[in-house]
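The values are calculated or read from the model by the stated rules, or taken from the named source; none is laboratory data. All values reported here derive from a predicted model rather than from experimental measurement. Neighbour counts are summed over all protein chains in view; Cβ atoms, including those assigned to glycine, are modelled from backbone coordinates with ideal geometry.
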Amino acid sequence: MKIKKDLSGLDSFIQEVEDEINQDLIDAAHKAVDTQKVRNESSKKTYENHTWNLRNAPGAAVVRNGEIIDLYVPADGEHSEAKAKTEDLIKSGKFPQNGIVVADGMEYASFVSSKGFDVLDTASHVLEKEVKENVTTLQTQIKEAQDQLAALEDSASQEKAALEKKIEDLTAELNTARAEVLTLSSEKASLEEEKAALQAELKKVQDQAAKDSAEAEVAIKKAQEEARKAREEIEKLKDSMTLKNGDTVTEGGVQYRVTDAAAKTAEAYGTAKKNIKSINVAATVTIKDVTCKVTAVADQAFAGQKKATKAVIGANVTKIGKKAFYGDSRLKSITVKGKKLKTVGKQALKGINKHAVVRVPKAKKKAYKALFKGKGQKKSVKVK
């Protein structure tokens, strides 16, 4: 397992310490050279300046990792030659990998120093003091850095332990999840089996439903057909029970038919048998449970009844049709009971017995004589 800790702050700190060391070395070198030029802090004698070349020649270089990072020779403008000699001496000479080089480039510098005079001794003394102080400061800073590093390492260790614990917990959760997946997979398989069983059952139900539907459709069609027939029968029954024009009935051997269903009127139009002796036209007849007034004797209704001897015309008859009694040669008695007769058709009485008598209501005798006059009967036929 790899634990990554952000140590960018430490790198910055190390660079900061490095920069501070470099600056401290530069400051120490400058201070040493500047002090050397102005006063004697060593135990040696101070030489007298004649040309001031020796006093202007001290210089120093700061070297880091084998490279000069600062070269300091602060000669005044009148002693540039002394400055150049010191710079050349430092650059061409041997210097350490890391440190401060102090030099005086004048040829007689070593000679003057060997005679007990302070040429570079003050500079060396100042450098020793400054470097010692800087080292103490640096040690303190290094200690702080070490403490910070230790704290970072401890923090990293704690984070590592926390991460390892988290990984352990996540691994446990993963194992639990895997177990749950296995369980769910098993449940899924079981559910799929149950689904398949339900689908098969549903297919059976659907097939049965389709079969039942087909049977139901046949049954419905059959029921509809039976209902249609029943309606027809009902209509027929209604029709048979509803009075309408042309409906017929036979009563007393006489046949009747409806002439106006709305007005409930009928006419006598014949007999059930050909040779009847007595013709009795009723005042009313019942057809389909409806009482109808008999208001007419139809044309030729009783024509050719050779054995008929008597006829009675009901009280509601208003019309006797043409040839109604035509050829009834034995008919001797015709009785008109009603007072509503308005019309007697041509030849209605032609061929009846010459001794026949037509009996009418006394109050209508005169009017009826006129109605029956000239209807084909012999002149011997009387209206009484």
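From the residues in the range 268-293 that are hydroxyl-bearing (S, T, Y) and closer than 22 Å to T242 by Cβ, which one is surrounded by the fewest Cβ atoms within 10 Å (Cβ to Cβ)?
T291
Just the residues that are buried (at least 21 other Cβ atoms within 10 Å of the Cβ) and part of a loop (DSSP other than H, G, I, E, B), please, taken from the range 346-367.
A348, L349, I352, A356, V360
Those residues that are surrounded by fewer than 20 Cβ atoms within 10 Å (Cβ to Cβ) and not acidic (D, E), I need them from the range 73-82; list them, please.
Matches in the range 73-82: P74, G77, H79, S80.
Could you give me the residue pairs with C-beta distances under 7 Å whose first residue belongs to the range 34-59 and is within 16 Å of K83 (Cα to Cα), whose second residue is modelled with pLDDT under 85 and acidic (D, E) wherever it lies, and which are 6+ apart or on separate chains?
N56/D76
What do you reckon, is D299 on the phi > 0 side of the Ramachandran plot and touching a residue at least 40 places away in the same chain (Cβ under 8 Å)? If you could, list the steps in order and put the result at the bottom.
On the way: on the phi > 0 side of the Ramachandran plot: no; touching a residue at least 40 places away in the same chain (Cβ under 8 Å): yes.
Considered against the rule, which asks whether it is on the phi > 0 side of the Ramachandran plot and touching a residue at least 40 places away in the same chain (Cβ under 8 Å), D299 comes out as no.
Of all residues in the range 313-332, how many are buried (at least 22 other Cβ atoms within 10 Å of the Cβ), part of a loop (DSSP other than H, G, I, E, B) and among the aliphatic types (A, V, I, L, M)?
Matching residues across the range 313-332 total 3.
I'm trying to understand the selection: among the residues of the range 294-312, which are buried (at least 20 other Cβ atoms within 10 Å of the Cβ) and in a strand (DSSP E or B)?
Once the filter is applied, which keeps residues that are buried (at least 20 other Cβ atoms within 10 Å of the Cβ) and in a strand (DSSP E or B), the range 294-312 yields V294, T295, A296, V297, A311.
Enumerate the strands (runs of 3 or more DSSP E) found wholly within the range 32-105, keeping only those where 3 or more residues are touching a Ser or Thr at 6+ places or on another chain (Cβ under 7 Å).
99-104
Going by the structure shown, is Q146 of a type in the set (S, T, N, Q), modelled with pLDDT under 75 and out of contact with any strand residue (DSSP E or B) (no Cβ under 8 Å at 6 or more places or on another chain)?
Yes: the conditions hold for Q146.
Scan the range 8-65 for residues that are within 60 Å of the chain's Cα centre (by Cα) and crowded, with 18+ Cβ neighbours inside 10 Å and report the count.
Here the count works out to 0.
Would you call S155 at pLDDT 85 or above and surrounded by fewer than 18 Cβ atoms within 10 Å (Cβ to Cβ)?
Judged against the criteria, S155 is not a match.
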